[in-house]
1. Check A259, A314 and return the single one that is over 18 Å from T194 (Cβ atoms) and without any contact (Cβ under 8 Å) to a residue 12 or more places away in the chain.
2. Can you tell me which residue in the stretch 35-67 is most open to solvent (accessible area, probe 1.4 Å), limited to those that are more than 16 Å from ligand 2 (Cβ to nearest atom), in contact with a helix residue (DSSP H, G or I) (Cβ under 8 Å, 6 or more places away or on another chain) and among the small types (G, A, S)?
3. Has the stretch 275-296 got any residue that is at pLDDT 95 or above and closer than 17 Å to A249 by Cα?
4. When the stretch 210-223 is examined, which residues are found to be surrounded by fewer than 21 Cβ atoms within 10 Å (Cβ to Cβ) and either touching a helix residue (DSSP H, G or I) at 6+ places or on another chain (Cβ under 8 Å) or among the acidic types (D, E) (or both)?
5. Answer yes or no: is there a residue in the stretch 254-276 that is open to solvent by less than 10 Å² (accessible area, probe 1.4 Å), more than 25 Å from W94 (Cα to Cα), in a helix (DSSP H, G or I) and within 16 Å of ligand 2 (Cβ to nearest atom).
6. So how many residues does the stretch 7-54 have that are hydroxyl-bearing (S, T, Y), closer than 23 Å to P220 by Cα and part of a loop (DSSP other than H, G, I, E, B)?
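The values are calculated or read from the model by the stated rules, or taken from the named source; none is laboratory data. All values reported here derive from a predicted model rather than from experimental measurement. Cβ sites come from the backbone with ideal geometry, for glycine too, and all protein chains shown count toward neighbours. Note: areas computed on protein heavy atoms with side chains; ligands, DNA, RNA excluded. Shrake-Rupley method; radii C 1.70, N 1.55, O 1.52, S 1.80 Å.
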Amino acid sequence: MDTLTLTRPDDWHLHLRDGPVLEHVVPWSAERFGRAIVMPNLIPPVVTTEQARAYRDRILAATPADSGFQPLMTLYLTDNTTPAEIERAAACGWVHAVKLYPAGATTNSDSGVTDIARCADALDAMAEQGLGLCIHGEVTRPETDIFDREKLFLHERLAPLLERHPRLRVVLEHLTTADAVDFVRQGPERLGATITPQHLLLNRNALLAGGIRPHHYCLPILKRERDREALVEAAVSGHPRFFLGTDSAPHARGAKESACGCAGVFSAPLAIELYAEVFDEAGALARLEEFAALHGADFYGLPRNPDTITLERAPRSVPDQLPYATETIIPMRAGGTVAWRLKSANPAP
Ligand code: DOR
Ligand code: ZN
């Protein structure tokens, strides 16, 4: 099978940033994906429905006109999010989820949640309104080893949250461990999970062995090879609650190649191609469509995309760097090749 046509995929976890970089970021996703759940961790964060509307307009202004790409907006949950704001978000039609960042867990999470109990009323309102919660699942105690933060979150935070809010739909974002895979498999039907290309393709050696590679630094941090293998197994398994979410997170080259570099891997320019590599390698290409285009839409209760994309098994070189407003950005696999290419596509930027 050297070409693969599939229902147009969606990206259920994406960072697009804001301002002049939008036109350098959005077209890559719009070329490949029909829709994307857009993360709200801007400065300042997107905490109101009105801010989400204005942000959506700026994204659409940077979206190639013929792409049909739809940004699905999210609100940033804080200790002070009110049930009234949740009701406004649920009623507007363009907000599709609320994002929980434990305060201090990652990029621009300073306004995040300090104690999930403080959000109980907002979470009840979300369950009531059918608005889902996306979670960055890591504990934030500074003394907790960074490689254990996801695992500890599962039983310390996520299990009690699911118990206290029995009707809330939850997406555990960017799984990185075999523990998280097991937790989701054993969890209720209302618990879904996204998996990124970097966590399917790389383990922590790609970050730390033979020299530090800041462009492989992301959060949650890359884990062991056995975790990567468990993630691949989950992604290709056909289990309906695992689906595609790139967590493509652009940062300018200088912000990554720094003594204190930012977390985030920029995979948008080759995202579906990277997933095709993973599924091909696992002998599971026939399962790519479910993971990339069907499971997420079904979980979010949205229609599947009506159109298709075609991928071709043909190596393509990945540029060393790409423009990023006045700076440059280093995509995943920069200077290397990717084994699949997008054959039929909307115009690239
Ligand atoms: O690596 C990451 N980058 N992980 C996150 O959770 C946030 C993201 C970003 O916004 O840069
Ligand atoms: Zn993210």
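1. Details: A314 fails: without any contact (Cβ under 8 Å) to a residue 12 or more places away in the chain.
Answer to the check: A259.
2. Restricting to residues being more than 16 Å from ligand 2 (Cβ to nearest atom), in contact with a helix residue (DSSP H, G or I) (Cβ under 8 Å, 6 or more places away or on another chain) and among the small types (G, A, S), the top hit is A61.
3. Step one: of the stretch 275-296, the residues at pLDDT 95 or above are 275-296.
From the residues that got through so far, the ones that are closer than 17 Å to A249 by Cα too are 275.
Yes, some residue in the stretch 275-296 is at pLDDT 95 or above and closer than 17 Å to A249 by Cα.
4. Filtering the stretch 210-223 down to residues surrounded by fewer than 21 Cβ atoms within 10 Å (Cβ to Cβ) leaves 210-214, 216-217, 221.
Of everything in the stretch 210-223, those that are surrounded by fewer than 21 Cβ atoms within 10 Å (Cβ to Cβ) and either touching a helix residue (DSSP H, G or I) at 6+ places or on another chain (Cβ under 8 Å) or among the acidic types (D, E) (or both) turn out to be R213, P214, H216, Y217, I221.
5. yes
6. Step one: filter the stretch 7-54 for residues hydroxyl-bearing (S, T, Y), giving 7, 29, 48-49.
Narrowing further to those that are closer than 23 Å to P220 by Cα: 29.
Narrowing the set further to residues that are part of a loop (DSSP other than H, G, I, E, B) leaves none.
Final tally of qualifying residues: 0.
Let's see how each residue does on (1) within 16 Å of ligand 2 (Cβ to nearest atom); (2) farther than 29 Å from A293 by Cβ; (3) within 20 Å of the chain's Cα centre (by Cα):
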site: R149; (1), (2), (3): yes, yes, yes
site: L158; (1), (2), (3): no, no, yes
site: V181; (1), (2), (3): no, no, yes
site: P188; (1), (2), (3): no, no, no
site: H199; (1), (2), (3): yes, no, yes
